[in-house]
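The values are calculated or read from the model by the stated rules, or taken from the named source; none is laboratory data. Keep in mind it's a predicted model, so treat the numbers as computed, not measured. Cβ placement follows ideal geometry from the backbone for every residue including glycine, while neighbour counts extend to all protein chains displayed.
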Amino acid sequence: MGVCAYNPKKSFLLELGKTLQICISFLSQHRLCGVTGSSHVISCYPAEMRQKNQELRSMSEKPRLIYFNGRGRMESVRWLLAAARVEFEEIFLDTREQYVKLIKDGSLMFQQVPLVEIDGMKMVQTRAILSYIAGKYNLYGKDLKERAFIDMYVEGITDLMHMILMFPFSPPEAKEKNLALITERATHRYFPVFEKALKQHGQDFLVGNQVSWADIQLMEVILAVEEKTPAVLSAFPQLQAFKTRMSNMPAIKKFLQPGSPRKPPPDDHYVSTVLKVLAEE
Amino acid sequence: MSEKPKLHYFNGRGRMESIRWLLAAAGVELAELLSVLTVKVYGALLFQQVPMVEIDGMKMVQTRAILSYIAGKYNLYEKDLKERAWIDMYVEGVRDLMDLIRVHHKLSPQEQQKNLALIGEKAATRYFPVYEKILKDHKDDFLVGNQLTWADVQLIEAILTVEEKVPTILSEFPLLQAFKARVSSIATIKKFLQPGSQRKLPTDEKAVAFTNRIFNRR
């Protein structure tokens, strides 16, 4: 987990150097488009520094994501962590044995994945996980009302994402109809709302003039729908500009490049793995 | 300061029932408007869907967003991020169970039989054991943080709703039985459980047909 034991043989200066390195990496992790998280004052006293060091290390232990090797419900978590510049580890479920073991170990509260190990918790339930990450990394607005708008937008987007998520599992004869429904909902129910919101306040982001969970979620769903219907944004100039802006944000730009944790669209292998692991009828 | 929140929905439980529960638990008076057709026509629904709750100058939609806001506003949501995380997890689990029940009346009689078995099975093996264990390990009266939270209100709603379908469901869960008794006797919740409150009866056939007509469903 990257937690180094304190070695009394190391010189004080070396430990100071390590501490500063960890502090710098922690602070830079939280630098997000000019919005800074809480700052930590580093005292000059060794004992206090050791304690801060320990805190920073345990806080900067990488979250661990346990899921199938594909998008599914975990992809939104990957997006949010990436946007917050949080590095994470992934464990992929390929066999039913792994899944049964997780249940037997008591790791899955409701016997379901996604599972995210973060800050000493074994978190389940996608919304709970995303909500925690958003709150921790300052992506949840600054007050209750901004939160309310972020929640509303996210919930709407999640309804659309759910259709896309379930699409590969729909029977072949239903696929054409479901695809049409995804496009129709995107074009008539969801995208107009966000187009209007951006037009009305003229700001770069959906809520509170700073990037939030809602913007990340919207970016994710735009790209997901475009994979199915490439011209879906043609009637939405604000969303086109939004998409360009978001793509240029360093953390998101990095996530959109090959070699990032971003997963490819689901294929037959992914579908069969999920069904096999979950032993769904 | 607050005007009464206004609830726009059908005259039935559906997705709005959890909101009625939470407002009741918080001791908040509300106004119910059965004006779904009107608000739909006048474009007051963000995603063309109900529930919609007018509260604090907002026309809120999306059940979870509404519940989250109410919980935050009326102190049914912990301030600490980690305690919030536990509340969220517990609530989401309960809501998955509630979803099985919410759709029950839409099913054909044969499907209903199967669904009933599924509800009983999931409640008894996937969900209620989790909350029984939490209460056992926690040794407090409530699920999180030793005070009434959204998680407790959601759980008691689920317990009572499942019991309507599977009356003996709590037979293996003594701590949940105690929880149910305890939470039912909290003043605001006791009031909600009495006749004449905002609580709605279990959904019936007529309500289903009416809903379908409004939303142009089969």
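Would it be correct to say that A:PHE236 is in the same structural domain as A:MET161 (by TED's automatic domain parsing), buried (at least 17 other Cβ atoms within 10 Å of the Cβ) and touching a residue at least 40 places away in the same chain (Cβ under 8 Å)?
In short, yes.
Looking at A:GLU280, A:GLU195, which is the one that is charged (D, E, K, R) and either modelled with pLDDT under 95 or in contact with a strand residue (DSSP E or B) (Cβ under 8 Å, 6 or more places away or on another chain) (or both)?
So the residue among A:GLU280, A:GLU195 that is charged (D, E, K, R) and either modelled with pLDDT under 95 or in contact with a strand residue (DSSP E or B) (Cβ under 8 Å, 6 or more places away or on another chain) (or both) is A:GLU280.
Within the range B:94-120, can you find the residues that are part of a helix (DSSP H, G or I) and without any contact (Cβ under 8 Å) to a residue 40 or more places away in the chain?
Those that are part of a helix (DSSP H, G or I) and without any contact (Cβ under 8 Å) to a residue 40 or more places away in the chain: B:ASP96, B:ASP99, B:LEU100, B:PRO109, B:GLN110, B:GLU111, B:GLN112, B:GLN113, B:LYS114, B:ASN115, B:ALA117, B:LEU118.
Mind counting the residues in the range B:1-10 that are buried (at least 19 other Cβ atoms within 10 Å of the Cβ) and in a loop (DSSP other than H, G, I, E, B)?
Residues meeting the conditions: 3.
Conditions first: (1) small (Gly, Ala, Ser); (2) within 14 Å of chain B (Cβ to nearest Cβ); (3) in contact (Cβ under 8 Å) with a residue 12 or more places away in the chain. A:GLY70 passes all but one, so which condition is the exception?
The one condition A:GLY70 does not meet is (2).
Checking the conditions here, which among B:LEU34, B:LEU22 is modelled with pLDDT of 95 or more and more than 14 Å from chain A (Cβ to nearest Cβ)?
B:LEU22
Is it the case that some residue within the range B:75-90 is buried (at least 17 other Cβ atoms within 10 Å of the Cβ), more than 9 Å from every other protein chain (Cβ to nearest Cβ) and out of contact with any helix residue (DSSP H, G or I) (no Cβ under 6 Å at 6 or more places or on another chain)?
No, because not a single residue in the range B:75-90 is buried (at least 17 other Cβ atoms within 10 Å of the Cβ), more than 9 Å from every other protein chain (Cβ to nearest Cβ) and out of contact with any helix residue (DSSP H, G or I) (no Cβ under 6 Å at 6 or more places or on another chain).
Being in a loop (DSSP other than H, G, I, E, B), in contact (Cβ under 8 Å) with a residue 12 or more places away in the chain, within 14 Å of another protein chain (Cβ to nearest Cβ) and not β-branched (Val, Ile, Thr): is that true of B:LEU46 here?
In short, yes.
Can you find a residue that is in a loop (DSSP other than H, G, I, E, B) and surrounded by fewer than 15 Cβ atoms within 10 Å (Cβ to Cβ) anywhere in the range A:66-82?
no
Filter the range A:86-100 for residues that are in contact with a helix residue (DSSP H, G or I) (Cβ under 6 Å, 6 or more places away or on another chain) and of a type outside the set (A, V, I, L, M); which is nearest to the other protein chains (Cβ to nearest Cβ)?
The residue in question is A:TYR99.
Examine the range B:124-136 for a residue that is without any contact (Cβ under 8 Å) to a residue 12 or more places away in the chain and away from every other protein chain (no Cβ under 14 Å), and state whether such a residue exists.
No, the range B:124-136 contains no residue that is without any contact (Cβ under 8 Å) to a residue 12 or more places away in the chain and away from every other protein chain (no Cβ under 14 Å).
Does A:GLY156 satisfy the condition of being small (Gly, Ala, Ser), assigned to a helix (DSSP H, G or I) and under 27 Å from A:LEU218 (Cα atoms)?
yes
Tell me, which helices (runs of 4 or more DSSP H) lie completely within the range B:121-218 with 1 or more residues that are within 22 Å of B:LEU67 (Cβ to Cβ), of a type in the set (A, V, I, L, M) and at pLDDT 95 or above? Please lay out each step first, then the result.
On the way: elements: B:128-138, B:150-165, B:174-184, B:187-192, B:205-214.
The helices (runs of 4 or more DSSP H) meeting that bar are B:128-138, B:150-165, B:174-184, B:187-192.
Okay, residues lined up against (1) in a strand (DSSP E or B); (2) more than 8 Å from every other protein chain (Cβ to nearest Cβ):
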| site | (1), (2) |
| --- | --- |
| A:LEU102 | no, yes |
| A:SER107 | no, yes |
| A:VAL113 | no, yes |
| A:LYS122 | yes, yes |
| A:ALA128 | no, no |
| A:TYR132 | no, no |
| A:ASN138 | no, yes |
| A:LYS142 | no, yes |
| A:GLU146 | no, yes |
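Suppose the filter is under 13 Å from B:ALA151 (Cα atoms), of a type in the set (Lys, Arg) and either touching a residue at least 24 places away in the same chain (Cβ under 8 Å) or not in a strand (DSSP E or B) (or both); does B:ARG13 pass it?
Working: under 13 Å from B:ALA151 (Cα atoms): no; of a type in the set (Lys, Arg): yes; either touching a residue at least 24 places away in the same chain (Cβ under 8 Å) or not in a strand (DSSP E or B) (or both): yes.
For B:ARG13, the condition - under 13 Å from B:ALA151 (Cα atoms), of a type in the set (Lys, Arg) and either touching a residue at least 24 places away in the same chain (Cβ under 8 Å) or not in a strand (DSSP E or B) (or both) - is not met.
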